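The values are calculated or read from the model by the stated rules, or taken from the named source; none is laboratory data. The shown structure was predicted, so the numbers you read here are calculated from the model rather than taken from an experiment. Methodologically, a virtual Cβ is constructed for each residue, glycine included, from the backbone with ideal geometry; neighbour enumeration extends over all protein chains shown. The accessibility values were calculated without ligands, DNA or RNA, using every heavy atom of the protein model including side chains. Shrake-Rupley method; radii C 1.70, N 1.55, O 1.52, S 1.80 Å.
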Amino acid sequence: MVLQQNSQATLWGWADPSERFTITCSWKTSVDSVTAFNSGKWKAKISTPAGGGPYAITIKGRINTIVLENILIGEVWVCSGQSNMEMSNIQQIKDELPNSKNDNIRFFTVAKKTSEYPQDHCEGQWVSCNEETLRRFSAVAYFFGKKLHKDLNVPIGLIQSAWSGTPVELWEPEEVINNDPAMKEAATKIRDVTYRPNKPALIYNAMIYPISNYTIAGTIWYQGEGNTVRASTYEKMFTGMIGAWRKQFEQDFPFYYVQIAPYTYESSYEAALLMEQQTRSLSYPKTGMVVITDLVNNVKNQHPQNKLDVGLRLANIALAETYKKNIAAAVYKNPMYKRMEVSKGKINLYFDNAPNGFMVKGNEKQPAEFFIAGSDQNFLPADVKLEKDKIVVSNKQITNPTAVRFSFSNTSMSNVFNKEGLPIIPFRTDNWEVIPVKQ
């Protein structure tokens, strides 16, 4: 296994009721004494050193001794979500396989299970990264972990708990959903399909709760496609889930996530509205978001093949925010709309995370996916001028503009980036009602 370095790592298990036993860790001289509860359950916190190993832990009970060997100390991350997190064995991974053997990167895959009630135990085992194990492990998680290992030079433990096609409601405790009428109503509209459960908490109970004793550095998350048809409540559901996980883990860990990719959904604005909810979720403490509108080569495929850059962008957030590496904000944070002002028939747009201005990438020379409207709410393509401290948009047919939308559709892939190379987060300046229509 990999235990979290420089922490109070939790060990837990079962014994005879009130049994007394000792825990000896090979990295320290002191011995921990533990007494099980009268239920037979036990939990103990042990102090861990800086990254290293391998070490051993000996648990000596009244009639038996358990020795855990080949333990590394390093950084541990939970990697969760739906199919784009679960996705493995893509071409980028196949290219990695010949040189993938690395005992300092280790995987634990939580077996897919459901339960009506929180479970104490889940199935799975720690394995070392090699050609065989990497084929079956999350590509995003691997590239994230590989980057952390390279830059931090400590062992990395990655815990994959993911399930294809799952909406967020399945990943959080039932009380989070039931305590809010809007979320409760939205959860009743989860489609009944054959490849996953359809009720809140069923996956949380069996695939998150059982690992919640484990001491971790943080979580990475790639999900949202399963909620596009119910986008209006996603921010509350998502941040409610983050809060519930932190409470259950008893750790205020960072939570970094991937905004969904452009895709031809059944109804107009499905993706745009869900992306908007994900962007709003950035106001929740200790979160960060990766935008991937530039990493998609086919909007008819819901599973973009480039997972390397997704993992690297997640790692850059972690390296800057969690590990305090000296990385400029604009290198790991996407340009984010801040405010607008109307001046002489034009709208000036101001952004965070673009201190050196903007650039156009790709074959087109003109900035794309900017639309402008007046009070009639009729959006027309905008003429765009990129300046160092702002972006100026206009349209000669609109003399009194009031609103701008950027990449606000299902399939928009803009060509405008900050000078550091990250795409602008899709946004709109209005709050007009948007009703998705089947296309």
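Observations on the structure shown:
- Of the listed requirements (1) more than 24 Å from Arg106 (Cα to Cα); (2) touching a residue at least 24 places away in the same chain (Cβ under 8 Å); (3) surrounded by fewer than 20 Cβ atoms within 10 Å (Cβ to Cβ), Thr228 misses just one: (3).
- Residue match in region 87-102 (condition: in a strand (DSSP E or B), touching a residue at least 24 places away in the same chain (Cβ under 8 Å) and of a type outside the set (D, E, K, R)): yes
- Among (1) touching a helix residue (DSSP H, G or I) at 6+ places or on another chain (Cβ under 8 Å); (2) at pLDDT 95 or above; (3) among the hydroxyl-bearing types (Ser, Thr, Tyr), the one test that Ser267 misses: (2)
- Counting the residues of region 1-23 that are open to solvent by 50 Å² or more (accessible area, probe 1.4 Å) and more than 24 Å from Tyr323 (Cβ to Cβ) gives 6.
- Residues of region 31-44 that turn out to be among the charged types (D, E, K, R) and either assigned to a loop (DSSP other than H, G, I, E, B) or in contact with a Leu (Cβ under 8 Å, 6 or more places away or on another chain) (or both), as a count: 1
- Across region 338-369, the number of residues qualifying as over 21 Å from Asn316 (Cβ atoms) and open to solvent by 40 Å² or more (accessible area, probe 1.4 Å) comes to 15.
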